[in-house]
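Written below as structure tokens is the structure these notes are about.
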Ligand SMILES: Cc1cc2nc3c(=O)[nH]c(=O)nc-3n(C[C@H](O)[C@H](O)[C@H](O)COP(=O)(O)OP(=O)(O)OC[C@H]3O[C@@H](n4cnc5c(N)ncnc54)[C@H](O)[C@@H]3O)c2cc1C
């Protein structure tokens, strides 16, 4: 329907709602009116606390001051996720935001490293990665104009409810109207089938030209009204429940998330300035909720600050994330479990994509189709990356791990694994947020060892190879030794002690 968009209504005031409102307001400016409707009675999920580096682009677009952002959201720095017990019990590896060594044209660093391993020059690949070194040392500094060799990519851990409040203040100060109320009815235009208004309890009617469904798992518009359909990926992603609980902060705040695998799920630990966020993500086919609560509480490393809270979800995605004049953003558009902290990224990616495809002069099938095609590919690629962690396990202690190891995974994923296993080849799919170093670290971490390497890695003599590796390690260590402890950085940068 070709109708000019003058007013956008954002349904929901969780992370998705406020990220959407803030970005739309910032980029679209005054000509487009933005109203956000939320119900305090329903509340928000409020557990998304770990992010990935693209959040910095979004913060830059919003023009946020980083020190203020860290203070207001009680953020800490995230350099990586440490995976414990994922490949085997007792085994650990990191998925950092960095990359090992320095790659050269056509030949990634890991090919040189693989050749060295095969020649008996054994070393740990992560020791060539500055992010890893900083994680292990618990240090951090913002590197000025970094040589690519010394790039220290980072994201944040933050308090989800404070993040929402911060973006709400930002949005309201810039003219987003917030309406408190419970939506009881969604009205469609009789001819076009487009959403034209929302009716709140008490009778208030809110009209709009375009609607962003940020109503969370229920998908008030996209599912309950438009019956858009949902692709269930439970056969690949076996966890369907989470239990979350905050606990006291540690003396020292680590600059990484921990993901600790248990016999039928995994536990996260996210360090914030004022507390730790913890949770167990599990399969309800394998653990009862009582069992899950026992596992979570018995494995906390500091005192719980509240009762555990259960969250049910269905891994998968909404079939048409843009349907008619409704775009679903956040949990209404799908959920891929929090293993790689991708949900907030997907919120941001959806809004950025919408801004590229914004239907100023009206919704057209071409805009909708291309938006949906890109969104689908992006979701599927993240899904495959998450499956990778489960599929490549070598654990034999429970049916959960045996089942995930033998499941039939998507063809594209199988090909990626086999290519890497054959000769260490990695490639970048369009719309894949995870670049080659991410695939490398998880594949190696989960135990896939390339049988061969790229022939360009043979261009050095054995001695030159030894020197290259030793120099790289030395160069990578250099900036780390001058950095302050993570907590000291936070104190200096934010002007307050964590
Ligand atoms: C266990 C778990 C852990 C997670 N961890 C991470 C993580 O580490 N990193 C990450 O990036 N993401 C994570 N996520 C995802 C992240 O929490 C969500 O992406 C994020 O919170 C977005 O939620 P939302 O805004 O879509 O929904 P919600 O927070 O559920 O908000 C829904 C909004 O809609 C409103 N609403 C609903 N119905 C009505 C109605 N009838 N009338 C009026 N208003 C209504 C509600 O009031 C609320 O404001 C995690 C999710 C889960 C479940």
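The values are calculated or read from the model by the stated rules, or taken from the named source; none is laboratory data. Computed from a predicted model, the values in this text were never measured in an experiment. Glycine gets a Cβ as well: all are built from the backbone with ideal geometry, and neighbour counts include every protein chain shown.
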What is the one condition in (1) modelled with pLDDT of 95 or more; (2) away from the ligand (no atom under 16 Å from the Cβ); (3) in contact with a helix residue (DSSP H, G or I) (Cβ under 9 Å, 6 or more places away or on another chain) that residue 58 does not satisfy? (2)
I'm checking my understanding of the structure. Among residues of segment 34-45 that are more than 6 Å from the ligand (Cβ to nearest atom) and outside any loop (DSSP other than H, G, I, E, B), which one is nearest to residue 218 (Cα to Cα)? 36
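Within segment 439-481, how many residues turn out to be touching a strand residue (DSSP E or B) at 6+ places or on another chain (Cβ under 9 Å) and in contact (Cβ under 8 Å) with a residue 12 or more places away in the chain?
Going through segment 439-481 one residue at a time, the tally reaches 10.
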Go over the candidates 101, 120, 48 one by one and state the one that is within 16 Å of the ligand (Cβ to nearest atom) and outside any helix (DSSP H, G or I). 48
Can you confirm whether residue 260 is part of a strand (DSSP E or B), more than 10 Å from the ligand (Cβ to nearest atom) and farther than 22 Å from residue 337 by Cα? no
Checked pairs for segment 26-53, first on the phi > 0 side of the Ramachandran plot and touching a residue at least 12 places away in the same chain (Cβ under 8 Å), second assigned to a helix (DSSP H, G or I) and within 12 Å of the ligand (Cβ to nearest atom), C-beta under 9 Å and 6 or more apart or across chains, list as 46/15; 46/160; 46/161; 46/164
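Can you pull out every residue in segment 234-250 that is closer than 24 Å to residue 486 by Cβ and in contact with a helix residue (DSSP H, G or I) (Cβ under 9 Å, 6 or more places away or on another chain)?
Passing the criteria: 244, 245.
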Within the bounds of segment 370-386, is there any residue that is within 30 Å of residue 97 (Cα to Cα), touching a helix residue (DSSP H, G or I) at 6+ places or on another chain (Cβ under 6 Å), touching a residue at least 24 places away in the same chain (Cβ under 8 Å) and within 15 Å of the ligand (Cβ to nearest atom)? yes
Take residue 87 and decide whether it is outside any loop (DSSP other than H, G, I, E, B), away from the ligand (no atom under 16 Å from the Cβ) and in contact (Cβ under 8 Å) with a residue 12 or more places away in the chain. no
Looking at (1) surrounded by fewer than 16 Cβ atoms within 10 Å (Cβ to Cβ); (2) farther than 21 Å from residue 342 by Cα; (3) in contact with a helix residue (DSSP H, G or I) (Cβ under 9 Å, 6 or more places away or on another chain), which is the one condition that is false for residue 34? (1)
Only residues in segment 305-332 that are within 12 Å of residue 223 (Cα to Cα) and within 11 Å of the ligand (Cβ to nearest atom) count as the first member; pair them with residues that are at pLDDT 95 or above and not in a loop (DSSP other than H, G, I, E, B), Cβ under 6 angstrom, at least 6 apart or cross-chain, and list the lot. 328/213; 328/318; 331/216; 331/217; 332/213
Mind listing whichever residues of segment 1-33 are assigned to a strand (DSSP E or B) and under 20 Å from residue 344 (Cβ atoms)? 10, 11
